[in-house]
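**Q** One structure is given below, represented as structure tokens, and several questions about it will come after.
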Amino acid sequence: MVAGFETPDAGAIAIDGADMAGIPPYRRPVNIMFQSYALFPHMSVARNVGFGLRQERLTRDAIAARVDAMLDLVQMRGFASRRPGQLSGGERQRVALARALVKEPKLLLLDEPLTALDRKLREETRFELKRIHQRVGVTFLMVTHDQEEAMSMASRLAVMNDGRIEQIGTPEHVYENPANRFVAGFLGAINLFEGQVAGSDGGAVLVDTDAGRLVATHAPLGAGSKVAVAVRPEKLRLAPTPSSVNTLTGTMRGVAYRGEASTAEIELANGRLLRVTVANTGGALPAPGTSVFLSFAPDAARVLQS
Amino acid sequence: MNARRFGVVALPYAWLLLFFLVPFLIVLKISLAHEAVSIPPYTPLFDHGRLVVTGANYLFLLSDALYWRAYLGAIRYAAIATAVTLLLGYPLAYGIARAPARWRGVLLMLVILPFWTSFLIRVYAWIGLLKENGIVNHALLSLGLIDAPLRLINNDFSVILGLVYAYLPFMVLPLYAQLEKLDPALSDAAADLGARPARAFWQVTLPLSLPGIVAGVLLVFIPAVGEFVIPDLLGGPNTLMIGKILWDEFFTNRDWPVAASLAIAMLLLLALPMGLMRRFLRGVA
């Protein structure tokens, strides 16, 4: 829709203040880096990159100069005369990026640019894309289903569900303060405790949940309203003894070791499973089957309405 | 190569050898013989242990302008018909390739459907449609669009029409196969990079469909040059096509040696455009 290939059912799209309704793709100041790269197989790398400039009827020299500069930027200078079929996935991706950027669009769309790459190359490419983004100063609009990718790359992040933006903000803000259950569950893992507000107590609300009464920092809410207390797995603390507030008791079920941290699954007395992330700073986790206490600080929890 | 693979390859080759190469050699042999009033109507290759061959039939072909004119005539009809099938077939194939996947099977089936009826019957049907008191003239007259019947048959128009009609599927199928493989994102990419639809087609879609165009052109052009049913049934007295002359030499004049040499000459002359096309194809790929 942003590029003009589909028509929105509702709403408007404006780029730099200009309404894009009814403007065909070939006249929009938008370029796409396609997920499949969509490089023209019958053209060399240089001709692929120069394709967009040839449509602008620039002189041959001007095109060559800009193509060269762009191939330098993506470090593909030595590949100018190759065909796309002779390139690796990562190289093709660089060409696709160069071809889209050479037109100096106001907006660059990246359609899941990293999904076709293997894990190691993906990490490198993330940094590479950020570097290029800073160099050219074009706005990048990137679509991804990989939350980690979105959080590590974006300066602003929008979580979309069913064609609507659920929340928009910096990755940190959206992760720490999810606006609703969908955003909380979509961006990273989260433990939700459904319940009813029992009352407010100076900057915190008390919520009665199936795991007992929980305290979370929040502006006062009307008693009886249905809410959920959300706690990220890394904000839950595992302890051998109960603490003063927000203590839950459960049994260790299993541990997934992930290198820098481990994720443990803990079953509460009522059968609910919780996830806890513990940094691997030394010390073994309790063995499966052991009874443990969990707790979290009131300001580590978020209260989700609606 | 193990025995089973050898068998898989050898069997079709044995078939081709038996039913293509051997008849070809027989025709070649006849083309080098003299005409004779006998059964079969030509002199044997060996007479009392001596090899008897002659180039006279080939020289005869060169001496009579009829053969050259018929050959060029056939090339001309075939070339026009091929161009028209390409112009009609390309949009058709493109449309089918871009149709929703669940429609494609049905649309392709409709292209192939005419093959379910005998070729001869379909050509006869055109006579019924095009003749002076045929369906087309009748319809145009009763609609008041024309005052007198149009001359639609036994001329160049009807021959080209017949060729285009008969060979259109042979153009559509290879084009479809090529266009269907094409990633639609390529057209989108061209548009995204600022190419208007016509330029995007010219610079991206058309070059990438060239192998399909070449295959379709060869599949239509080569049999169209040798076609004899269509010029015989739909053509007029002035329609000169080499296939029809060949037929006449064999069955009307019963001059087998001349007919055979005509067949060999046609084969060689057809190999030329085919070879050029293949070189062109390799250059593109």
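The values are calculated or read from the model by the stated rules, or taken from the named source; none is laboratory data. Given the structure is predicted, the values throughout are model-derived calculations rather than measurements. Cβ atoms come from the backbone with ideal geometry, glycine included; neighbour counts cover every protein chain shown.
**Q** Check off (1) touching a helix residue (DSSP H, G or I) at 6+ places or on another chain (Cβ under 6 Å); (2) more than 16 Å from B:ASP188 (Cβ to Cβ); (3) facing chain B (nearest Cβ under 9 Å) for A:TYR37 and give me the number that stays unchecked.
**A** Result: A:TYR37 fails condition (2) only.
**Q** Right, here's the next one. If you check B:LYS244 against the conditions, is it of a type in the set (Lys, Arg) and at pLDDT 90 or above?
**A** No; evaluated as a whole, the condition is false for this residue.
**Q** In addition: Sort out which residues of region A:220-266 are within 20 Å of A:ASP208 (Cα to Cα) and surrounded by fewer than 16 Cβ atoms within 10 Å (Cβ to Cβ), and write them in order of number.
**A** Scanning region A:220-266 gives A:PRO220, A:GLY222, A:ALA223, A:GLY224, A:SER225, A:LYS226, A:PRO242, A:SER243, A:SER244, A:VAL245, A:THR249.
**Q** Taking the stated definitions as given, is A:PRO298 crowded, with 17+ Cβ neighbours inside 10 Å, modelled with pLDDT under 90 and out of contact with any helix residue (DSSP H, G or I) (no Cβ under 7 Å at 6 or more places or on another chain)?
**A** yes
**Q** Then there is this: Please return the ranges of strands (runs of 3 or more DSSP E) entirely within region A:135-179 where 2 or more residues are among the aliphatic types (A, V, I, L, M) and surrounded by 18 or more Cβ atoms within 10 Å (Cβ to Cβ).
**A** Values: elements: A:139-143, A:157-161, A:164-169.
Fully inside region A:135-179 and qualifying: A:157-161.
**Q** Give the residue, chosen from A:LEU97, A:LEU109, that is outside any helix (DSSP H, G or I), closer than 19 Å to A:MET153 by Cβ and modelled with pLDDT of 90 or more.
**A** Criteria check complete, one pass: A:LEU109.
**Q** While we're looking at this one, here's another question. Determine whether region A:271-282 contains at least one residue that is free of Cβ contacts under 8 Å to residues at least 12 places away in the same chain, out of contact with any strand residue (DSSP E or B) (no Cβ under 6 Å at 6 or more places or on another chain), over 30 Å from A:ALA179 (Cβ atoms) and not hydroxyl-bearing (Ser, Thr, Tyr).
**A** The first filter runs over region A:271-282 and keeps only residues free of Cβ contacts under 8 Å to residues at least 12 places away in the same chain, leaving A:271, A:281-282.
From what is left, the residues that are out of contact with any strand residue (DSSP E or B) (no Cβ under 6 Å at 6 or more places or on another chain) are A:271, A:281-282.
Those still in the list that are over 30 Å from A:ALA179 (Cβ atoms) too: A:281-282.
Still in the running and not hydroxyl-bearing (Ser, Thr, Tyr): A:282.
Within region A:271-282, one or more residues are free of Cβ contacts under 8 Å to residues at least 12 places away in the same chain, out of contact with any strand residue (DSSP E or B) (no Cβ under 6 Å at 6 or more places or on another chain), over 30 Å from A:ALA179 (Cβ atoms) and not hydroxyl-bearing (Ser, Thr, Tyr).
**Q** Could you please give the count of residues in region A:136-156 that are in contact with a Phe, Trp or Tyr (Cβ under 9 Å, 6 or more places away or on another chain) and modelled with pLDDT of 90 or more?
**A** Selection size over region A:136-156: 0.
**Q** Take region B:156-170 and flag every residue that is over 13 Å from B:GLY216 (Cβ atoms) and among the hydroxyl-bearing types (Ser, Thr, Tyr).
**A** B:SER158, B:TYR165
**Q** Looking at A:LEU97, is it within 11 Å of chain B (Cβ to nearest Cβ) and not basic (Lys, Arg)?
**A** No.
**Q** Can you find a residue that is closer than 30 Å to A:PRO105 by Cβ and basic (Lys, Arg) anywhere in region B:192-203?
**A** yes
**Q** While we're looking at this one, here's another question. Read through the list (1) in contact (Cβ under 8 Å) with a residue 12 or more places away in the chain; (2) touching an Asp or Glu at 6+ places or on another chain (Cβ under 9 Å), then give the number of the only condition that B:LEU173 fails.
**A** (2)
**Q** Between a residue in region B:100-119 that is under 15 Å from B:MET171 (Cα atoms) and any residue that is among the basic types (Lys, Arg) and in a helix (DSSP H, G or I), which pairs come within a Cβ distance under 8 Å, given they are 6 or more apart or on different chains?
**A** Taking only residues 6 or more apart or on different chains, the pairs are B:PRO114/B:ARG122.
**Q** Just a yes or no: is a residue in region A:118-128 within 9 Å of chain B (Cβ to nearest Cβ), of a type in the set (Asp, Glu), out of contact with any helix residue (DSSP H, G or I) (no Cβ under 7 Å at 6 or more places or on another chain) and part of a loop (DSSP other than H, G, I, E, B)? Walk me through it before giving the result.
**A** Going residue by residue through region A:118-128, those that are within 9 Å of chain B (Cβ to nearest Cβ) are none.
Within region A:118-128, not a single residue is within 9 Å of chain B (Cβ to nearest Cβ), of a type in the set (Asp, Glu), out of contact with any helix residue (DSSP H, G or I) (no Cβ under 7 Å at 6 or more places or on another chain) and part of a loop (DSSP other than H, G, I, E, B).
**Q** Is there any pair with a first residue in region A:14-34 that is more than 7 Å from every other protein chain (Cβ to nearest Cβ) and surrounded by fewer than 18 Cβ atoms within 10 Å (Cβ to Cβ) and a second that is of a type in the set (A, V, I, L, M) and in a loop (DSSP other than H, G, I, E, B) whose Cβ atoms are under 8 Å apart and which are 6 or more apart or on different chains, and what are they?
**A** Between residues of region A:14-34 that are more than 7 Å from every other protein chain (Cβ to nearest Cβ) and surrounded by fewer than 18 Cβ atoms within 10 Å (Cβ to Cβ) and residues that are of a type in the set (A, V, I, L, M) and in a loop (DSSP other than H, G, I, E, B), the close pairs are A:ALA14/A:MET20; A:ILE15/A:VAL2; A:ASP19/A:ALA12; A:ASP19/A:ILE13; A:ALA21/A:ALA12; A:ALA21/A:ILE13.
**Q** Residue pairs, Cβ under 7 Å, 6 or more apart or interchain, first in region A:110-134 and farther than 20 Å from A:LEU71 by Cβ, second assigned to a strand (DSSP E or B). List them.
**A** Short answer, once both residue conditions are applied: A:ASP111/A:ILE32; A:ASP111/A:MET33; A:ASP111/A:VAL143; A:GLU112/A:VAL143.
**Q** Just need a number here: residues in region B:70-85 that are modelled with pLDDT of 95 or more and either in a loop (DSSP other than H, G, I, E, B) or surrounded by fewer than 16 Cβ atoms within 10 Å (Cβ to Cβ) (or both).
**A** Adding up the residues that qualify gives 1.
**Q** Could you run through region B:131-178 and say how many residues are more than 29 Å from B:ILE96 (Cα to Cα) and either among the hydrophobic types (A, V, I, L, M, F, W, C) or surrounded by fewer than 19 Cβ atoms within 10 Å (Cβ to Cβ) (or both)?
**A** We begin by selecting, within region B:131-178, every residue more than 29 Å from B:ILE96 (Cα to Cα); these are B:131-135, B:137-156.
From what is left, the residues that are either among the hydrophobic types (A, V, I, L, M, F, W, C) or surrounded by fewer than 19 Cβ atoms within 10 Å (Cβ to Cβ) (or both) are B:131-135, B:138-153, B:155-156.
Number of matching residues: 23.
**Q** Continuing with the same structure: Within region A:43-67, count every residue that is of a type outside the set (Phe, Trp, Tyr), closer than 15 Å to A:ALA98 by Cα, touching a residue at least 12 places away in the same chain (Cβ under 8 Å) and part of a helix (DSSP H, G or I).
**A** Qualifying residue count, region A:43-67: 11.
**Q** Output the residue which, of all residues in region A:44-94 that are among the β-branched types (Val, Ile, Thr) and crowded, with 17+ Cβ neighbours inside 10 Å, is nearest to the other protein chains (Cβ to nearest Cβ).
**A** Across region A:44-94, the extreme among qualifying residues is A:VAL49.
**Q** Right, something else. From B:LEU262, B:LEU272, B:LEU246, B:LEU276, which residue is free of Cβ contacts under 8 Å to residues at least 24 places away in the same chain and crowded, with 21+ Cβ neighbours inside 10 Å?
**A** Numbers: B:LEU262 fails: free of Cβ contacts under 8 Å to residues at least 24 places away in the same chain; B:LEU272 fails: crowded, with 21+ Cβ neighbours inside 10 Å; B:LEU276 fails: crowded, with 21+ Cβ neighbours inside 10 Å.
Being free of Cβ contacts under 8 Å to residues at least 24 places away in the same chain and crowded, with 21+ Cβ neighbours inside 10 Å holds for just one of B:LEU262, B:LEU272, B:LEU246, B:LEU276, which is B:LEU246.
**Q** Check B:TYR71, B:TYR77 and return the single one that is within 19 Å of B:LEU246 (Cβ to Cβ), in contact with an Asp or Glu (Cβ under 8 Å, 6 or more places away or on another chain) and touching a residue at least 24 places away in the same chain (Cβ under 8 Å). Let's see the steps before the verdict.
**A** Numbers: B:TYR71 fails: in contact with an Asp or Glu (Cβ under 8 Å, 6 or more places away or on another chain).
The match here is B:TYR77.
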